[in-house]
2 protein chains.
Amino acid sequence: MTLLEAAAALRRSETSSAELTAAALERIERLNPSTNAMQTVMAEAARERAKQADQELARHEGRGPLHGIPIAVKDLFLTQGVRTTGGSRLFENYVPDHDAAVVELLRAGGAVLIGKTGMHELAYGITSSNPHFGAIRNPWDRDRIPGGSSGGSGAAVAAGMVSMAMGSDTGGSIRIPATFCGVVGLKPTYGRVSRYGAMPLGFSLDHMGPLTRSVRDAGAVLNVIAGYDSRDETSSRRPVENYVPDLEPSLHGLRIGLPENFYFERLDPDVDAAVRAAFQAAESRGAEIVPLRVPDIAAINTVARLILMAEASALLEPHLEHRDRFGADVVALLDQGRLLPATDYINAQRLRRAMQGEFAELWSRVDCLFTPTAPITAPRIGETTVTVGAENEDVRLAATRLVRAINALGLPAVSIPFGADRRGLPIGLQIVGQPFAEALILRVAQALVPEEVPVPPL
Amino acid sequence: MTLLEAAAALRRSETSSAELTAAALERIERLNPSTNAMQTVMAEAARERAKQADQELARHEGRGPLHGIPIAVKDLFLTQGVRTTGGSRLFENYVPDHDAAVVELLRAGGAVLIGKTGMHELAYGITSSNPHFGAIRNPWDRDRIPGGSSGGSGAAVAAGMVSMAMGSDTGGSIRIPATFCGVVGLKPTYGRVSRYGAMPLGFSLDHMGPLTRSVRDAGAVLNVIAGYDSRDETSSRRPVENYVPDLEPSLHGLRIGLPENFYFERLDPDVDAAVRAAFQAAESRGAEIVPLRVPDIAAINTVARLILMAEASALLEPHLEHRDRFGADVVALLDQGRLLPATDYINAQRLRRAMQGEFAELWSRVDCLFTPTAPITAPRIGETTVTVGAENEDVRLAATRLVRAINALGLPAVSIPFGADRRGLPIGLQIVGQPFAEALILRVAQALVPEEVPVPPL
């Protein structure tokens with residue numbers, strides 16, 4: 001069931017929050033041992049909260065569609081009284097005394113927080129094979145990674161433990177697990193959702209957003225978490241909108257950009273075919289397809305990686321005296337980041353601003369872009385290189401190649417499942433819009449994927 | 001004559017723009033050999049423009065108080081068809097094909113651009129002893145520096161060559177020459193005045209503003225140059241105000257902060273006495289003096305210096321292959337800046353934001369702060385250390401000690417002459433306000449210094 005379906009069933013008294021919560025806990029108990037999606041399960045607190053939600057609903061004190069719905073958040077969102085590890089041994093015993101802004105808002109919306117999802121160590125990687133807390137496994141094939149860093153959120157939603165789990169995205173960390181796990185993953189515009197109380201990784205690149213089982217669910221969650229927060233100085237004062245699209249929106253009059261460079265180079269052929277089919281599907285629903293050339297995405301990727309490495313090292317440097325508390329991949333990245341000169345970081349930020357300006361010119365010609373989310377489907381756990389077409393490529397570089405630049409540009413993007421490869425693994429379509437065009441990209445996504453995403457054989 | 005007095009005389013036809021321009025050119029011819037304030041004199045173009053201004057004024061096509069007034073701009077503002085050196089051999093033959101935003105606005109306001117003022121090489125220093133174009137000399141004592149980097153602007157205004165010269169301020173470069181030369185120097189809030197077409201030094205610290213012979217003149221110039229400019233991405237959309245204060249404003253109800261820490265430590269005793277007298281003067285005009293402790297200014301200074309060094313090196317690094325084209329002090333700073341790690345720069349920017357937050361809390365208790373602009377009066381040309389009280393201090397550190405942090409904080413500040421030392425050298429009072437409080441600090445400045453600043457014996 002999607003979040004909005006569960007909400008409707010609650011309103012019709014066909015179920016209760018207690019039942020939904022018990023079912024979610026049962027499913028977690030059954031599927032967590034084989035997926036490791038949940039870092040922490042808050043069974044008692046969730047049952048309590050569900051009981052309370054049922055009473056509120058019975059008294060018609062409804063707080064909106066999230067009221068009474070079991071949800072999870074990535075284990076980098078601070079939760080008052082509940083351990084928040086960030087996937088790191090540095091914080092394995094850290095129990096915050098306050099909630100992250102997103103958690104506050106979800107709770108205020110009546111959601112039942114049932115657990116914290118596992119993640120790539122410190123959100124600094126894309127496998128979610130966590131050296132301290134174990135690898136997270138993809139519900140579609142448990143020998144494969146769910147992607148990362150929000151891998152637990154992707155796996156938990158794909159496995160139907162919860163209908164929504166919050167993630168964070170610094171270089172693709174919501175969209176990569178969304179594509180590998182076959183769910184919807186929304187990275188809003190930079191500034192749209194408060195980062196207060198979310199453990200930072202790359203200050204100028206971090207974004208918070210939901211992973212869900214339907215496009216409309218992503219919009220319903222964004223309705224609750226979007227908005228200005230004075231505690232996050234990058235937060236935007238721009239008014240929020242209704243982000244839930246109609247059930248069957250028309251694409252008439254919309255112009256969808258088809259990148260002629262970069263995005264359709266070096267793809268798994270199944271990915272290529274699936275994404276090209278998405279253009280046809282959009283066209284059949286009334287959209288106009290506009291072939292165009294995009295600015296130098298490879299350059300923006302380089303800039304985004306350099307900025308991330310410098311910002312992550314600046315943040316975590318004080319902890320590097322405890323080298324044994326880091327996984328090998330993360331400590332290597334942190335060491336590299338320390339060697340970057342300030343002048344390179346500053347020039348990268350200057351180039352980034354210039355690129356944002358170049359990209360802004362696209363939006364006079366098209367309303368959104370379609371690209372593959374990743375050039376590949378989920379790699380096997382432990383693989384460090386993947387074969388893409390005829391070439392070998394580093395797993396991290398391959399997985400982030402089509403998503404990372406969007407973080408540096410600060411644009412909203414949603415990944416939706418669109419087809420599967422020859423092995424049955426999900427393929428993701430990335431829809432990118434101009435700043436604050438979340439409602440538009442969700443409308444387009446809904447037109448292409450109006451139903452709940454498929455359930456893996458479990 | 002001040003700018004506004006000249007404007008009034010023009011309106012009453014007691015003089016003409018041609019006469020004002022001829023007088024300015026005559027004064028430049030007489031005084032520039034001994035001060036070196038002007039890098040480039042635009043005699044022909046100025047005479048032409050003055051003639052045109054007189055025709056416009058005769059036809060009552062007035063463009064406001066700057067119409068027909070001879071002015072100068074620091075030689076880092078790009079001027080179409082007129083060499084713009086930035087005080088550097090790198091640009092000794094550079095003739096821009098367009099005007100800086102500030103120059104556009106001044107021209108649109110009818111000002112007669114009569115010349116480009118000399119400066120510290122690349123605006124990267126406070127002496128204005130330029131190794132390529134000669135030392136600029138202080139009109140109050142030609143063996144002394146005018147301060148910098150806008151030293152030519154300070155000297156030109158002090159010597160009465162022009163009633164206004166534009167400067168730029170990255171770590172005190174408007175306020176330091178204002179105090180050493182005994183004129184008014186206004187550094188507006190970060191984002192208030194466009195930097196488009198001004199050669200940058202430290203992207204996140206650079207500010208543009210006027211040096212004038214009266215407080216009201218500074219307001220009149222700000223009226224012309226303030227406002228949003230899409231070509232400068234740090235430009236603020238906040239509406240502009242009328243910045244010209246009344247002739248004799250009351251300070252009734254105003255709360256003036258008297259810093260109990262940092263600002264009154266290690267001062268020349270004459271400076272200390274002069275600035276303490278300013279508090280008495282303000283109190284006698286109705287203000288309330290509020291003693292308070294300010295946040296850690298020494299830490300903000302360190303942060304501001306590190307940020308400047310990294311940003312300047314990022315910008316100028318490509319030119320460092322031509323080491324012989326730099327002066328010794330500048331090349332040393334650029335070499336040091338290249339060695340700074342990105343992590344230090346990022347953490348400095350984080351600390352800066354935290355400090356901005358701490359500082360913001362002051363403004364619930366006071367409306368502005370009074371501090372000395374510099375702990376000393378103008379040092380001798382060639383001096384690298386100065387005696388402050390009983391101690392020796394590096395000239396650059398001493399001159400910037402009380403002004404540099406204000407750049408990192410982005411606050412508006414004006415330096416006004418207030419008294420003189422035992423040698424007759426001017427002393428400056430710095431008035432600092434909250435963001436976009438230019439009108440308020442100019443009102444306070446006007447109450448203390450309602451007249452034209454004194455003329456040095458020339």
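Every read-out reported here was derived from the displayed coordinates using simple, explicitly stated rules and does not represent laboratory data. Given the structure is predicted, the values throughout are model-derived calculations rather than measurements. All Cβ positions, even for glycine, are placed from backbone atoms using ideal geometry, and neighbour counts span all protein chains on display.
Values as computed for the structure displayed
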| item | result |
| --- | --- |
| Local electrostatic count at B:Arg266 - Lys and Arg +1, Asp and Glu -1, tallied over other residues with Cβ under 12 Å | -4 |
| Within straight-line cross-link reach of A:Lys74, aspartates and glutamates at Cα separation under 15 Å, skipping those fewer than 8 residues along the same chain | A:Glu92, A:Asp99, A:Glu104, A:Glu121, A:Asp169, A:Asp206 |
| Cα→Cβ-extended label distance, 7 Å offset, between B:Glu29 and A:Gln80, nm | 7.9 nm |
| Protection proxy ranking of B:182-194, A:411-423 - average other beta-carbon atoms within 10 Å, highest first | B:182-194, A:411-423 |
| Local net charge near A:Val102, Cβ-Cβ under 11 Å (Lys/Arg +1, Asp/Glu -1) | -1 |
| For A:Gly357, inter-copy label distances in nm, listed shortest first [label point 7 Å out on the Cα-Cβ vector] | 3.1 |
| Axial C-alpha extent at least 24 Å, average Kyte-Doolittle at least -0.5 - helices from chain A (DSSP) | A:17-35, A:297-316 |
| Environment charge of A:Ile289, counting only residues whose C-beta is closer than 11 Å and scoring Lys/Arg +1, Asp/Glu -1 | 0 |
| Copy-to-copy label separations for B:Ala281, where each label sits 7 Å from Cα toward Cβ, in nm and ascending | 7.5 |
| The stretch B:186-265 - percent relative contact order, Cα under 8 Å, separation 6 or more | 29 percent |
| Cα centroid of the stretch B:133-153 to Cα centroid of the stretch A:97-114, whole Å | 61 Å |
| Theoretical ellipticity at 222 nm over the protein assembly as shown - DSSP helices of four or more residues, -39500 (n - 2.57) apiece, nearest 500 | -11500 deg cm²/dmol |
| Rh by Kirkwood over Cα pairs, then Stokes-Einstein D for the stretch B:3-225 at 1.306 mPa s and 10 °C, µm²/s | 95 µm²/s |
| Per the axis that maps chain B onto chain A, nearest residue of B (Cβ criterion) and its distance in Å | B:Ala342, 2 |
| Residues A:Arg231 and B:Glu283, FRET efficiency given R0 of 41 Å [Cβ-Cβ distance, rounded to 0.05] | 0.60 |
| Taking the stretch A:3-225 and dividing mean pair separation by its residue count, relative contact order in percent (alpha carbons under 8 Å, at least six apart) | 20 percent |
| Calculated label separations, B:Glu248, copies of the chain, 7 Å along the beta-carbon direction, nm | 8.1 |
| Distance between the stretch B:365-418 and the stretch B:189-204 - C-alpha centres, whole angstrom | 21 Å |
| Filter on B:Lys51/B:Lys116; A:Lys116/A:Lys187; B:Lys51/B:Lys187 - keep pairs with C-alpha separation over 28 Å | B:Lys51/B:Lys187 |
| Rounded if a/c under 1.5, otherwise prolate or oblate - the stretch A:255-430, Cα gyration tensor axes | oblate |
| Global geometry of chain A, whether rounded, prolate or oblate, following the gyration tensor of its Cα atoms and the 1.5 cut on a/c | rounded |
| DSSP-loop trypsin sites (Lys or Arg not before Pro) across the stretch A:310-413, with at most 13 other Cβ within 10 angstrom | A:Arg365 |
| Sorted by Cβ neighbour density within 10 Å, fewest at the top, the residues B:Lys51, B:Lys74 | B:Lys51, B:Lys74 |
| Fraction of alpha-carbon pairs over 58 Å apart in the protein assembly as shown - percent | 21 percent |
| Chain B: relative contact order as a whole-number percent, Cα under 8 Å and 6+ apart | 18 percent |
| Gap separating the Cα centres of the stretch B:1-63 and the stretch A:256-320, nearest whole Å | 58 Å |
| Positive-end residue, the stretch B:322-458 charge dipole about Cα centroid, Cβ charges, pick of B:Leu333, B:Pro375, B:Leu442 | B:Leu333 |
| At R0 = 22 Å, FRET efficiency that the Cβ-Cβ distance of A:Thr387 and A:Ala273 yields, to 0.05 | 0.80 |
